[in-house]
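In what follows, a structure is listed as structure tokens, so that the remarks can point back to it.
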Amino acid sequence: MSTRGHLEVKNSHLVLGGVDTVTLAEQFGTPLYVTNEARIRVNYQRFKDAFPNADIYYAAKSNYNLTVLKILAEEGAGADVFSGGELHCALKAGIPSDKILFNGNSKTDAELEMAVKNNIRVSVDSLDELRTLSEIAHEHDHKAEVAFRVNPDVSPHTHPKIATGLRETKFGIPSSDVIAVYKEAQSMGDIKIVGIHCHIGSQIIDVSPFIEATKKMIDLAEELTGLGIQLEFIDLGGGLGIPYENEIAPSPKDLANAILPVFAEGLKALEIHPRLILEPGRYITADTTILLAKVNTVKHAYRNFVGVDAGFNLLIRPAMYDAYHRIIVANKAGEKSSAVYTIVGPICESGDVLARDRFLPNIEKDDLIAILDVGAYGFSMSSQYNGRPRCAELLVLDGKVDVIRRGESYDDLLSNQVFPSRFR
Ligand SMILES: *Cc1c(COP(=O)(O)O)cnc(C)c1O
């Protein structure tokens with residue numbers, strides 16, 4: 001059996017960060033998210049090494065566990081946040097306010113006020129938002145620094161639900177309106193234009209859409225420079241994919257080789273020096289984490305259904321995006337595959353399938369299943385659907401184990417619920 005990168009097999013058990021996953025499941029129970037700290041740092045450094053002169057704003061939504069954010073803060077990352085909640089977490093984790101960009105297509109007035117009060121730059125997604133932000137900045141006697149989220153109309157060849165830079169998506173200001181919006185912003189006393197921003201999608205494993213987007217942003221920079229706007233940064237967003245199955249995915253270095261020459265030449269011709277910002281999420285966190293789930297039942301029916309104790313409540317990607325996640329039978333990791341299994345969760349929906357038709361070692365009740373590459377858009381998209389408390393998260397490093405989130409109890413399902421007095 002082949003494992004990737006930081007996963008190892010010892011005595012037929014899957015080992016992560018020097019820790020036996022079978023022992024973890026016995027000690028902490030299942031389901032269980034386990035993250036390898038070393039891998040977060042390695043992934044971040046790979047990005048930083050590929051783009052030494054760029055600012056890396058980690059996309060918090062992919063995994064905003066406070067300890068994960070803290071580790072990235074230590075590494076020097078900034079943050080792309082998409083809500084007041086993510087901003088709150090990023091600030092709590094110690095990410096400096098001048099390295100945070102507040103994104104989002106439908107921000108509340110309260111969120112914009114939070115950005116203004118904390119001196120956070122905003123990537124503005126519409127004219128309405130610009131006008132609201134200007135009013136709020138005025139009330140607070142503040143000059144709000146903004147970029148605009150531009151919709152570059154680039155097709156990223158990814159799952160439609162995670163393509164965000166197409167003309168028909170809800171994100172960004174259409175290319176045709178961008179100049180008018182920048183002009184309006186230029187006339188506002190409470191607004192300072194500092195950048196341009198795009199984000200074309202997620203899980204992109206081909207560099208050509210990134211090149212296309214870079215060219216379009218350089219063209220826009222040229223027009224804006226012509227209007228006398230001084231750009232402090234050009235933010236090309238995130239989106240670099242990872243090999244979930246056996247795809248060939250570009251490395252950060254491959255991405256750098258593809259876009260940096262285009263970026264550098266474009267700027268040279270314009271004689272301007274904005275910084276480059278990139279917002280990787282998935283690349284930094286996806287492969288750092290596994291989800292451990294115990295086998296409750298094996299049912300030989302239309303398929304060989306393996307029922308485990310984690311479902312789309314804890315990992316929605318297979319149900320939502322038809323995503324592929326590799327599966328390892330963690331307590332039989334050294335054994336030969338012998339049958340085809342479909343791994344399903346306990347949720348009351350036929351779409352609750354975590355992995356379809358996988359050739360795996362003989363699976364029995366109480367075996368331990370590891371679902372790989374769940375560090376991005378895994379726990380951060382979890383829910384309590386079907387009355388299932390969210391599970392614990394652990395951090396492992398060189399044989400050490402820390403709890404970074406306690407598992408919820410049944411009573412936690414009731415927290416914040418209130419009986420109106422007539423029911424008491
Ligand atoms: C989601 C998102 C990202 C991160 O995307 P990944 O595919 O996880 O790298 C970056 N920027 C913005 C604006 C986003 O919405």
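The values are calculated or read from the model by the stated rules, or taken from the named source; none is laboratory data. All figures in this text were calculated on a predicted structure; none of them were measured in a lab. Cβ sites come from the backbone with ideal geometry, for glycine too, and all protein chains shown count toward neighbours. Areas reflect the complete protein model, heavy atoms only, side chains present, ligands, DNA and RNA absent. Shrake-Rupley method; radii C 1.70, N 1.55, O 1.52, S 1.80 Å.
Side notes on the structure shown:
- Only one of the listed residues (L231, L270, L278) is within 16 Å of the ligand (Cβ to nearest atom), touching a residue at least 24 places away in the same chain (Cβ under 8 Å) and open to solvent by less than 60 Å² (accessible area, probe 1.4 Å). That residue is L278.
- Single residue of A60, A90 found to be in contact with a helix residue (DSSP H, G or I) (Cβ under 7 Å, 6 or more places away or on another chain), buried (at least 21 other Cβ atoms within 10 Å of the Cβ) and free of Cβ contacts under 8 Å to residues at least 40 places away in the same chain: A90
- Restricting the stretch 179-202 to residues that are aliphatic (A, V, I, L, M) and within 27 Å of the chain's Cα centre (by Cα), the residue that is most open to solvent (accessible area, probe 1.4 Å) is I193.
- Number of the condition not met by S155 [criteria: (1) small (G, A, S); (2) farther than 23 Å from E265 by Cβ; (3) modelled with pLDDT of 95 or more; (4) within 16 Å of the ligand (Cβ to nearest atom)]: (3)
- The condition of being open to solvent by 40 Å² or more (accessible area, probe 1.4 Å), within 20 Å of the chain's Cα centre (by Cα), over 24 Å from L270 (Cα atoms) and within 14 Å of the ligand (Cβ to nearest atom) holds for I205.
- Subset of the stretch 317-345 (residues that are assigned to a loop (DSSP other than H, G, I, E, B) and open to solvent by 40 Å² or more (accessible area, probe 1.4 Å)): D322, Y324, R326, G334, E335, K336, S337, S338
- Qualifying residue in the stretch 17-33 (condition: open to solvent by less than 50 Å² (accessible area, probe 1.4 Å), aliphatic (A, V, I, L, M), in contact with a strand residue (DSSP E or B) (Cβ under 7 Å, 6 or more places away or on another chain) and within 15 Å of the ligand (Cβ to nearest atom)): no
- Within the stretch 357-382, the set of residues being touching a residue at least 40 places away in the same chain (Cβ under 8 Å), over 18 Å from T289 (Cα atoms) and surrounded by fewer than 20 Cβ atoms within 10 Å (Cβ to Cβ) comprises D357, E364, K365, D366.
Results for (1) closer than 21 Å to M381 by Cα; (2) buried (at least 20 other Cβ atoms within 10 Å of the Cβ); (3) at pLDDT below 95, shown as yes or no for each residue.
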position	(1), (2), (3)
I40	yes, yes, no
N43	no, yes, no
A50	no, no, no
L69	yes, yes, no
A79	yes, yes, no
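- Answer from E245, E265 - the residue that is more than 16 Å from the ligand (Cβ to nearest atom), part of a loop (DSSP other than H, G, I, E, B) and surrounded by fewer than 18 Cβ atoms within 10 Å (Cβ to Cβ): E245
- Test: residue in the stretch 299-314 that is under 30 Å from A50 (Cα atoms), assigned to a loop (DSSP other than H, G, I, E, B) and either small (G, A, S) or within 16 Å of the ligand (Cβ to nearest atom) (or both): no
- Selection status of F171, at pLDDT 95 or above and aromatic (F, W, Y): no
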